[in-house]
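The values are calculated or read from the model by the stated rules, or taken from the named source; none is laboratory data. Computed from a predicted structure; not experimentally measured. Positions of Cβ are backbone-derived with ideal geometry, glycine not excepted, and every protein chain shown enters the neighbour counts.
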Amino acid sequence: MQLSDHSLRQIDEAYLERLGDEALRSLSAKLLLDLKEARERLNQTSRNSSLPPSREAPWERASPAERDGDPEETVAADVSPETTAADPAPEAGPAPAAETQPMARKPAGKAKGAPGHGRPAPERVDAVELHRPEQCAGCSASLAGQTGLAYTGYYEVDWIREGAGRTVRVTKHLFEESTCGCGHVTRAEPVRRLEDEAGVGGFRLVGPGLASLIVALSMRCRMSRVRIREFLSDWLGLWISVGAIHEALAETAAIVAPLEQELVRAIQQSELLHADETPWPEQGASSLWLWVFVTSHAVLYYISHRGQELARNVLEGFVGVLMSDGWQAYRWLERRLRCWAHLKRKAQGLADSLDPAAQGFGHEVLALWNDLRESVQKAREGPPGMSLRPEWEERLQAFRVRCETMKGHSHAKTHALAVEFLNDWEAVFCVLENPFWPLTNNEAERALRHWVILRQISHGTRTPQGSRHFALLASVIDTCRRRGHSPWEYLQTAITRRRQGLPLLPIPA
Ligand SMILES: [Zn+2]
């Protein structure tokens, strides 16, 4: 938007009468751009925009512009440092709950009317940053050299690089307004990007380095919001409310949300893809799963139902080879690999059983697995492109006959394993065609392991939006790590650029 609400309120017919031709033309251009943008936004729904309906949830909240209310009110509320340093909860919207506790009966968050934690004003201010308007928003005349008047401000607490280490820095940001000769009062305002504004609100309190640290504590160190608050207070002497911590996580996720499309493309174009799923609790939702897709240089997570729909959407146009544990959501794909670790475990179960025929079949599968692994590992020492199919043809035919026989066996698990081999025969033995393909789905299972531990500690997520943010941050963190970059540097840069109104950069390959 070219003109802020504050500017627009000052523009009326009387003001237009006073402007000269050139100033009028310049203002008309701004008004036209804003009108078009407003009209487009008005007409935009999930049906005619590129956003799928699920993508709308994060932005359903009112934008800060709408919540700001009366300008006079903003002036009164924000100018004094005492109030800007107060708890950010009113600006940040309803304070979210700290711990995810599906067992707890009482609604999460602070009870209405309960006393909040007061946050003292920072004990020191390390820097003051003045933000001054450079040009009149009305007539476009230069405002350089004009003395401004601070109308609002806020403190930003950051965890910045200093020398070899990092240190806390408290910056006081002051935003000024200047009165032009034409009578228009122009305000310097924090950069806002309307299309994906999730409520800058209390987040401005937390600087990019601190926000990145909060994401690290939450996602990598698996700390709850309450523990993060405690940690920041005990170790850095910072008092950041649980609400502001929650906002920092949500905002960081919103900032990196556009990367999802890039990751989906990377996955669709990959030659070899690992996929796996694990149950994921979300308060009030039933049977959700955390899905992961792993390629050599991208990791993408989703929290969704376990049906085919997600796999079909994500893997549209995928022509590579998919490794999975045999979950049927992937059966429609032509080129699949089956994880042998699962088959081996089942065969071991049969070998340990009390039924002699089951034992025999179990040992047979285990022997087949040992020979297969040996054969594949040996082939990997040679040149690529050598198929093991011909030398295995006879053995496979014999095994297939055995499976057909065991399919009719009365021992349930023996029958099940025989059927499993027969139903997914191609995927199970596909690795013979290219011994450089993996034998197990270890890559995807390893990716999920970290989040499974987090799930045990946190009991999952609380809302669909929380789930979406969680999956986004997990995707970006693991993709950065896979590409050999620090996720924390990447996130810090992403937040810094957003606040300067610059576009998000892709994760370097
Ligand atoms: Zn002017």
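Being surrounded by fewer than 19 Cβ atoms within 10 Å (Cβ to Cβ), within 16 Å of the ligand (Cβ to nearest atom), at pLDDT 85 or above and assigned to a loop (DSSP other than H, G, I, E, B) is a description that does not apply to G138. Cβ separations smaller than 9 Å between residues 6+ apart or across chains give the following pairs from the stretch 206-221 residues that are closer than 20 Å to W451 by Cβ to residues that are part of a loop (DSSP other than H, G, I, E, B) and not charged (D, E, K, R): I214/I240; L217/M223; S218/S224.
With respect to the conditions (1) at pLDDT below 85; (2) surrounded by fewer than 14 Cβ atoms within 10 Å (Cβ to Cβ); (3) of a type in the set (A, V, I, L, M), A108 lacks only one, and its number is (2). Here is a list of conditions, (1) assigned to a helix (DSSP H, G or I); (2) at pLDDT below 95, and I214 meets all of them except one; can you say which number that is? All conditions pass for I214, except number (2). Of all residues in the stretch 149-184, those being in contact with a Leu (Cβ under 8 Å, 6 or more places away or on another chain) and within 14 Å of the ligand (Cβ to nearest atom) number 4.
Which of the residues spanning the stretch 343-362 are outside any helix (DSSP H, G or I) and under 27 Å from N441 (Cβ atoms)?
Once the filter is applied, which keeps residues that are outside any helix (DSSP H, G or I) and under 27 Å from N441 (Cβ atoms), the stretch 343-362 yields D352, S353.
Remark: pairs (first residue in the stretch 329-341, hydroxyl-bearing (S, T, Y); second residue assigned to a helix (DSSP H, G or I) and modelled with pLDDT of 90 or more; Cβ separation under 7 Å; 6+ apart in sequence or on different chains) = Y330/A311. Within the stretch 424-440, can you find the residues that are more than 12 Å from Q377 (Cβ to Cβ), under 35 Å from the mean Cα position of the chain (by Cα) and not in a loop (DSSP other than H, G, I, E, B)? Of everything in the stretch 424-440, those that are more than 12 Å from Q377 (Cβ to Cβ), under 35 Å from the mean Cα position of the chain (by Cα) and not in a loop (DSSP other than H, G, I, E, B) turn out to be A427, V428, C430. The numbered conditions (1) modelled with pLDDT under 95; (2) under 17 Å from T167 (Cα atoms) are all true for C182 except (2). Given the criteria assigned to a loop (DSSP other than H, G, I, E, B) and either modelled with pLDDT of 90 or more or within 24 Å of T252 (Cα to Cα) (or both), does G209 qualify? So G209 fails the test. Would you mind stating whether L448 is in contact with a Lys or Arg (Cβ under 7 Å, 6 or more places away or on another chain) and assigned to a helix (DSSP H, G or I)? So L448 fails the test. Applying the condition of being assigned to a helix (DSSP H, G or I) and out of contact with any Pro (no Cβ under 7 Å at 6 or more places or on another chain) to the stretch 261-290 and asking which residue is surrounded by the fewest Cβ atoms within 10 Å (Cβ to Cβ) yields Q261.
Filtered by the rule that a residue be part of a helix (DSSP H, G or I) and either modelled with pLDDT of 95 or more or in contact with a strand residue (DSSP E or B) (Cβ under 9 Å, 6 or more places away or on another chain) (or both), the stretch 236-248 gives L236, A244, I245, E247, A248. Among the residues of the stretch 390-415, the ones that are exposed (fewer than 13 other Cβ atoms within 10 Å of the Cβ) and not polar (S, T, N, Q) come to 9 in all.
Condition (residue is crowded, with 23+ Cβ neighbours inside 10 Å, within 15 Å of the chain's Cα centre (by Cα) and under 16 Å from Q261 (Cα atoms)) applied to the stretch 455-468: is it met by at least one residue? Yes, the stretch 455-468 contains at least one residue that is crowded, with 23+ Cβ neighbours inside 10 Å, within 15 Å of the chain's Cα centre (by Cα) and under 16 Å from Q261 (Cα atoms). With respect to the conditions (1) under 22 Å from R338 (Cα atoms); (2) free of Cβ contacts under 8 Å to residues at least 40 places away in the same chain; (3) charged (D, E, K, R), D276 falls short on a single one, namely (2).
More than 16 Å from the ligand (Cβ to nearest atom) and either under 15 Å from D126 (Cβ atoms) or charged (D, E, K, R) (or both): is that true of R187 in this structure? So R187 fails the test.
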